[in-house]
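To start, the structure itself, in structure tokens.
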Amino acid sequence: MTSPPRSKRDFLRLTDLDRDGLLELLERAAEWKLLGAGGPRPLERMAIGLVFEKASTRTRVSFEVAALQLGGHSTFLSPRDTQLGRGEPIRDTARVLARYLDALVVRTFEHEKLEEIARHARVPVVNALTDASHPCQLLADLLTVAERFGADALQRGGLEVAWVGDGNNMANSWLEACALLGFGLRLACPPGYDPDPALLARAGGRARLVRSPAEAVAGAQVVNTDVWASMGQEAEAAERQRAFAGYIVDERLLAGARADAIVLHCLPAHRGEEISDGVIEGPRSAVFDQAENRLHVQKALLELLLSPR
Ligand code: CP
Ligand code: NVA
């Protein structure tokens, strides 16, 4: 690896950025998007490790391509083909990998495990999804909102966002975005599936938990949903199907949103469960721009953590 950063900076939660830092990162991501595959190569000779204990399509590929386009290299590590799967303590793995690599991008189950890795690795650690949060996805979601409603829409505080479904890692990260940017956020979750109460409290009066999807969506400009059973919850799938009946973003529900509302879904989607086929393919769907934006925001993020301008 190249010389280690004097004081490393992790990205474990969205709130590891402050409001200005978040807005600057989104602005830089828009610049990277315009540059395409060209532009500067701030990660020249750097190597990024992708330590993934859960499946991934978007996150893995967008980080691999981001590292490549920034002039760096990436190496993918899963428990199936590393000593992690044979019980090597995570703190040893973190310390060793940090001797070779310039950053670790980690997807795992317990958020505490990510924090343990960050404590023991002497290089920046990035949250690529835990059971508690998915901050890289939020960066892409916010860039998509800025593209559709104008860059200053996020700063004005007038934006109204709806969340329909599970109070999961994505809902938690939306609460953190709300705490930073102060937009209105109404979350409709069935009883027993609420987001993290500490994050709800931290978001203050701008975030409100309701039970009715129609109430959450009424007048919203951004309508979000996600799968009913996240990775690791497969055994609860049947029970969750019963609990989430009616929490589907379909054309009927969307009729209550603002006329120019967009629909976001981090993907992968279960069409016919949390979102209808018609909505995901319809004119309000921004899900494929949202997926593309993972690449651009992560280029801005890697640049910020490894080669700040
Ligand atoms: N949205 C998202 O993180 O997708 P993957 O699970 O495919 O990485
Ligand atoms: N909530 C989902 C998001 C997948 C990108 C999960 O954790 O499986």
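Consider the stretch 212-230 and keep the residues that are part of a loop (DSSP other than H, G, I, E, B) and of a type in the set (Ser, Thr, Tyr). The one that is surrounded by the fewest Cβ atoms within 10 Å (Cβ to Cβ) is SER212.
Against the list (1) open to solvent by 30 Å² or more (accessible area, probe 1.4 Å); (2) closer than 14 Å to ARG13 by Cβ, the condition PHE149 fails is (2). For ARG156, indicate whether it is more than 17 Å from the chain's Cα centre (by Cα), under 25 Å from SER62 (Cα atoms) and surrounded by fewer than 22 Cβ atoms within 10 Å (Cβ to Cβ). Here the answer is no, as ARG156 does not meet what is asked.
For (1) within 23 Å of the chain's Cα centre (by Cα); (2) without any contact (Cβ under 8 Å) to a residue 24 or more places away in the chain; (3) open to solvent by less than 50 Å² (accessible area, probe 1.4 Å), each residue gets a yes or a no:
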position	(1), (2), (3)
ALA245	no, yes, no
LEU253	no, no, yes
SER276	yes, no, yes
PHE288	yes, yes, no
LEU295	yes, no, yes
GLN298	yes, no, yes
LEU306	yes, no, yes
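Whether a residue is in contact (Cβ under 8 Å) with a residue 12 or more places away in the chain and under 17 Å from the mean Cα position of the chain (by Cα) was assessed, and LEU84 does not pass this test.
Residues in the stretch 164-174: is at least one over 24 Å from GLU31 (Cα atoms), over 22 Å from the mean Cα position of the chain (by Cα) and in contact (Cβ under 8 Å) with a residue 60 or more places away in the chain? Checked the stretch 164-174: no residue is over 24 Å from GLU31 (Cα atoms), over 22 Å from the mean Cα position of the chain (by Cα) and in contact (Cβ under 8 Å) with a residue 60 or more places away in the chain. Just one of the listed residues (ASP166, ASP194) is out of contact with any Pro (no Cβ under 8 Å at 6 or more places or on another chain), surrounded by fewer than 17 Cβ atoms within 10 Å (Cβ to Cβ), of a type outside the set (Gly, Ala, Ser) and in a loop (DSSP other than H, G, I, E, B), namely ASP194.
The residues of the stretch 114-125 that are touching a strand residue (DSSP E or B) at 6+ places or on another chain (Cβ under 8 Å) and either open to solvent by 10 Å² or more (accessible area, probe 1.4 Å) or away from ligand 2 (no atom under 15 Å from the Cβ) (or both), listed by number, are ILE117, ALA118, ALA121, VAL123, PRO124, VAL125.
Results for (1) at pLDDT below 95; (2) part of a helix (DSSP H, G or I), shown as yes or no for each residue.
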| position | (1), (2) |
| --- | --- |
| VAL126 | no, no |
| ASP131 | no, no |
| LEU143 | no, yes |
| GLU147 | no, yes |
| LEU154 | yes, yes |
| ALA162 | no, no |
| MET170 | no, yes |
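The values are calculated or read from the model by the stated rules, or taken from the named source; none is laboratory data. All values reported here derive from a predicted model rather than from experimental measurement. Positions of Cβ are generated from backbone atoms using ideal geometry, with glycine treated the same way; all protein chains shown enter the neighbour counts. Areas reflect the complete protein model, heavy atoms only, side chains present, ligands, DNA and RNA absent. Shrake-Rupley method; radii C 1.70, N 1.55, O 1.52, S 1.80 Å.
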